[in-house]
Number of protein chains: 2
Amino acid sequence: MKFKKLEISEKVIQRLTEYLSILKDVQKYENEINSIELSKIMNTTSAQVRKDLSTFGDFGVRGKGYDISKLIEIIEDILGINKVNNVIIVGHGKMGEMISSNRNVLGKGFQIVGIFDKDKNKIGKVVSDNLEIRDVNGVKEFRENFCGEVDTAILAVVKEQAQFAAEQLVKNGIKAILNMTTYKLELGSDITVVNIDISAKLQELNFWRLNKEEK
Amino acid sequence: MKFKKLEISEKVIQRLTEYLSILKDVQKYENEINSIELSKIMNTTSAQVRKDLSTFGDFGVRGKGYDISKLIEIIEDILGINKVNNVIIVGHGKMGEMISSNRNVLGKGFQIVGIFDKDKNKIGKVVSDNLEIRDVNGVKEFRENFCGEVDTAILAVVKEQAQFAAEQLVKNGIKAILNMTTYKLELGSDITVVNIDISAKLQELNFWRLNKEEK
DNA sequence: TAGATTGTTAATCGATTAACAATC
DNA sequence: TAGATTGTTAATCGATTAACAATC
């Protein structure tokens, strides 16, 4: 998929994932949607919706709106989730376990193909989906022998191990990391990192709860 | 805590949680930090750091910088996590279980005081920390009888139940929701909601991995 | 006092929105 | 053709950054 321009902001992509989620929901009841309707669900303006979508192409029909199932396909194509992307989980504590045992959590387009830990007591155990927990030192070998690309890792080790583990992954060819730890990774600019920090989000929530503007 | 102005953007609060995390890390080695050093770790400018902090007050010393432990205390105060905030978990599937059994995940300032589910097979079970899984219909009663405020819920039900469950919580007095489901909640403007969507974040990661600008 | 770094103003940059020509 | 809604331009708004006076 080629885009008109590649100065795309993070916010556009974040909204794109939201559009997708909403469209899949609305699809149960409707076949078409226009930018006004979509903007209302999104709490934004219709101009925002049209601008966002037009970043990637002309998907609407003037006078009518957007075909929902077509738009879903397009967004899935943009996000690269209309095919299977292989991911490995690194760190099989409570978080890693939750992810590996919860088929739904990753959503469409992602498949867990390997689980790694450094704990000798865990290595060798077979967990959900017939995946064996492997030694984290074997990531390189695993990637080389795997039939297909494995570029993405979900980092679910303890905070203290995050930087070291991430560096190892990068050395072994991993290109993208979903960082589930609280640690702010410092990696080369060729590595893509996205962070999920539950405690930080809870702090944000707490701030807004305490500072709700009275209107 | 009173602020100079209350037109505070979401981004400022997000960065505030990052500053806090970094400061706690740097505190192991240093007592003081200046805006330049902090900006380098944050991948931003020193002006950004000073501007962000000055939103809340004058915490630095000209010619020197910021006292780390003082700044940590201040940010914790701003975020309201220097005291214990009670939270309940609603939905005790894989996600709720991960959170309730993982003391570290919520971080400083938060305490799980109740766990709720609608599944009769789960209700009554005692899980980690001597908390009993309660019937989700008993949230109101629980809040009224609890010695202390319970305003915050972590919503960890399945997507299909998210909107209904959230509405019930709001009816029963909950004011802030950390939404761990993929569903975009539609609630009154007096309710504070922050979303964590693992699959959406993975989609973002996948987009950037596939569209890494070649430099 | 001289050197350093803050807090803040003003300039710049980027993102959102209003408005409308294009077109189904 | 008339009505509706897109895609896009230009105007507005807000966030970031450069620059510097204030001051430790």
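The values are calculated or read from the model by the stated rules, or taken from the named source; none is laboratory data. These figures come from a predicted structure and were not determined experimentally. Neighbour counts are summed over all protein chains in view; Cβ atoms, including those assigned to glycine, are modelled from backbone coordinates with ideal geometry. Heads up: the accessible areas ignore ligands, DNA and RNA and are worked out on the full protein's heavy atoms, side chains in. Shrake-Rupley method; radii C 1.70, N 1.55, O 1.52, S 1.80 Å.
At-a-glance table
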item: Members of the range B:167-184 that become less accessible by 20 Å² or more once partner protein chains are added (1.4 angstrom probe, chain alone as reference); result: B:Ala176, B:Leu178, B:Thr182, B:Tyr183, B:Lys184
item: Share, in percent, of DSSP beta bridges within the protein assembly as shown that are antiparallel, nearest 5; result: 20
item: Share, in percent, of DSSP beta bridges within the range B:1-141 that are antiparallel, nearest 5; result: 35
item: Antiparallel bridges, percent of DSSP beta bridges restricted to the range A:67-162 (to nearest 5); result: 15
item: 1.4 Å probe accessible area per residue over the protein assembly as shown, in Å²; result: 52
item: Partner chain coverage, peptide A:10-17 - average Cβ within 10 angstrom; result: 4
item: Cβ-Cβ FRET estimate between A:Glu73 and A:Asn102, R0 fixed at 25 Å, reported to 0.05; result: 0.45
item: Within the range A:57-95: backbone nitrogen closer than 18 Å to the B:Asn211 label point (7 Å, Cα to C-beta); result: A:57-60, A:71-83, A:85
item: Test item: A:109-115 mean partner chain Cβ contacts at 10 Å; result: 1
item: Förster radius 56 Å - calculated FRET efficiency between B:Lys83 and A:Ala47 (Cβ-Cβ, nearest 0.05); result: 0.85
item: Förster radius 30 Å - calculated FRET efficiency between B:Lys24 and A:Ser9 (Cβ-Cβ, nearest 0.05); result: 0.50
item: Within the protein assembly as shown: Cβ-based charge dipole about Cα centre, in debye rounded to nearest 20 (Lys, Arg +1; Asp, Glu -1); result: 300
item: Average partner coverage of A:146-153, which counts Cβ from other chains inside 10 Å; result: 1
item: Computed label-point distance, nm, for sites B:Asn130 and A:Lys64 using a 7 Å Cα→Cβ extension; result: 6.5
item: Candidate lysines - alpha carbon under 18 Å from B:Lys125, same-chain residues fewer than 8 apart omitted; result: B:Lys94
item: For chain A: rounded, prolate or oblate by the Cα gyration tensor [a/c cutoff 1.5]; result: prolate
item: Sulfur and carbon atoms: percent of accessible area, the protein assembly as shown [1.4 Å]; result: 46
item: Angle in degrees between helix B:68-79 and the longest Cα principal axis of chain B, rounded to the nearest 10; result: 40
